[in-house]
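The values are calculated or read from the model by the stated rules, or taken from the named source; none is laboratory data. Every value quoted in this text rests on a predicted model; they were computed, and no experiment measured them. All Cβ positions, glycine included, derive from the backbone under ideal geometry; neighbour counts span all protein chains shown. SASA here: full protein model, heavy atoms, side chains in, ligands and nucleic acids out. Shrake-Rupley method; radii C 1.70, N 1.55, O 1.52, S 1.80 Å.
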Amino acid sequence: MNSLRCDRTAAWAALQAHFESAGRSLDLRQAFAADPLRFDAMSLQAPEVFADLSKNLVDSNTLRGLADLARECDVAGRRDAMLRGDAINLTEGRAVLHTALRAPPVVGDAVSAEVHAVLDAMLAFAERVRDRAASGIRHVVNIGIGGSDLGAQMAVPALDAFAQSGLAMHFVANVDGHDIAPVLRQLRPAETLFIVASKTFTTQETMANAQAAKAWFLANGGTDVQRHFVATTTNVEAAAAFGIAITFGFWDWVGGRYSMWSAVGLPIAIAIGAENFRELLAGAHAMDRHFAQEPVERNLPMLLGLLDVWYRNFHGYASRNVAPYHQGLKRLPAYLQQLEMESNGKCVDVDGEALPFGTSPVVWGEPGTNGQHAYFQMLHQGSDVVPVEFILVARPVHRLEGRDAALGALLKRQHQMLLANGLAQAQALMQGKSAAQALAEKAPTASQQIDAQTLAQHRSFPGNRPSTTLVLDRLTPRSLGALIAMYEHRVFTSGALWGINSFDQWGVELGKALCNDLLPRLESGDTAGLDASTAGLLARLRSAS
């Protein structure tokens, strides 16, 4: 790939000049006052996702400059190379084809044939598990970590309204026994299916938890490991040695953080069923087509990726908050942390050159309204500006609604409260409140210990703080699929602009290697060759154990 890195383009220099002359000082309140059509011009309907970009610190000149940057960096060419199956993961010599996992069957295409063969087998198995009268399964435990955990752990609660009642889903990831022990206490071996999710079947944390699960199973009367343990892995031999006969594979072109669409999504399929899982794939595929076909000016993932570069490299904002106003999306921020920070947390470009600018922002968040009572104080009045991403769902889907009309009315009212809070927080971030406005308001009586002018300063908000609002009509398998695919392509866009490889993760390898060295030292006490801090801590931990 011979595309230009963003900072070496004419468009970058033009954007820098624009930022200094107008972008840095842009005031959202003035921008809305000057242009009553700003919302219409800066909102966009993509498949299943409506985006309001009008509260971002951009004007039409900024957007034109960012589009020029995307064209000069040939983001579209890089996108097309990915979709063709070129080996764009250069450091590992691999293609990046997670989009093939959700594409409809293509006659005569070998990759498509393999994908759909595994998909059909996996979904057929999921339906057998869901037939509780025949399977006897009441609990499903997914044992995995990272990409083998976060996707399913995010999607299953998000799609709770579509899940089968009477079938409990559990997720174990941490090697800490305090993760698996509370789960095992809830189970009976005859009613439990364990899914061991590990591409290589060697992941340290996953295999430790799998061995613990197997030991519990056998110690508590379990008699058929092959019936109660399955694996999503490419290492069929290792799974067989463990005692597993049923495995579902995937390919080296499926990155862990892009794998929920593959056999790794088995827990999702068991929870929501084959038809709904296919809807999840269809929503993602619709967003894939949008990303592949729309021009940059109307391409939602590209626009979001361009905004990320605008904020990270021009405004210098080092983090982004994700605030999903739907409890079902409670694990979305954690999922996006891996997707974005593991993909784009790089300090060298594809040629190995050190980058002179920042890459991935810190991605963090909690569901609204919980976050309002935790960290929103900092978002409104803190010294750092943090762009916020609000996710609103227009219509709720409650399982209990319809059984009790009064309860249904109460839940509908609560959803209106939720939406009002989301709208209000975005509005407050933008509008702020001046000291003069605060002074004109009646102050709380308990605050009369200080003078009115000082109190007004404490009660003022700077405003002009940017946000994006994403709206789903309903949270369904199709809309969730589209939303997650949108985030995947957004991360690809910013990574392409920065000239990095978004599909390797060498940064996690050193700690793994050092762990393998330190584990036997914790048993032996050998500290030879260690730095003083590690040696001292190791000795202290040994003395306390």
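Here are some notes:
- Restricting attention to segment 2-22, the residues that are loosely packed, with under 14 Cβ neighbours inside 10 Å and assigned to a loop (DSSP other than H, G, I, E, B) add up to 1.
Conditions tested, residue by residue: (1) touching a Gly at 6+ places or on another chain (Cβ under 8 Å); (2) at positive phi; (3) buried (at least 21 other Cβ atoms within 10 Å of the Cβ).
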{"position": "219", "(1), (2), (3)": "no, no, no"}
{"position": "235", "(1), (2), (3)": "no, no, no"}
{"position": "262", "(1), (2), (3)": "no, no, yes"}
{"position": "279", "(1), (2), (3)": "yes, no, no"}
{"position": "308", "(1), (2), (3)": "no, no, yes"}
{"position": "317", "(1), (2), (3)": "no, no, no"}
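- Candidates 379, 407 - the one that is assigned to a helix (DSSP H, G or I) and over 27 Å from residue 309 (Cα atoms): 407
- Complete set of residues in segment 323-377 that are aromatic (Phe, Trp, Tyr) and open to solvent by less than 40 Å² (accessible area, probe 1.4 Å): 325, 335, 357, 375, 376
- Which numbered condition residue 473 fails, given (1) without any contact (Cβ under 8 Å) to a residue 60 or more places away in the chain; (2) surrounded by fewer than 14 Cβ atoms within 10 Å (Cβ to Cβ): (1)
- Residue list for segment 23-41, filter: open to solvent by 90 Å² or more (accessible area, probe 1.4 Å), under 14 Å from residue 53 (Cβ atoms) and among the charged types (D, E, K, R): 40
- Inclusion of residue 422 among residues that are in contact with a Leu (Cβ under 6 Å, 6 or more places away or on another chain) and either of a type in the set (A, V, I, L, M) or open to solvent by less than 90 Å² (accessible area, probe 1.4 Å) (or both) is warranted.
- No other residue among 84, 102, 94 is of a type in the set (Lys, Arg), open to solvent by less than 20 Å² (accessible area, probe 1.4 Å) and over 22 Å from residue 317 (Cα atoms) apart from 102.
- Condition met for residue 522 (open to solvent by 60 Å² or more (accessible area, probe 1.4 Å) and in contact with a Lys or Arg (Cβ under 7 Å, 6 or more places away or on another chain)): yes
- Residues that are of a type in the set (A, V, I, L, M, F, W, C), out of contact with any helix residue (DSSP H, G or I) (no Cβ under 6 Å at 6 or more places or on another chain) and buried (at least 19 other Cβ atoms within 10 Å of the Cβ), drawn from segment 221-232: 229, 230
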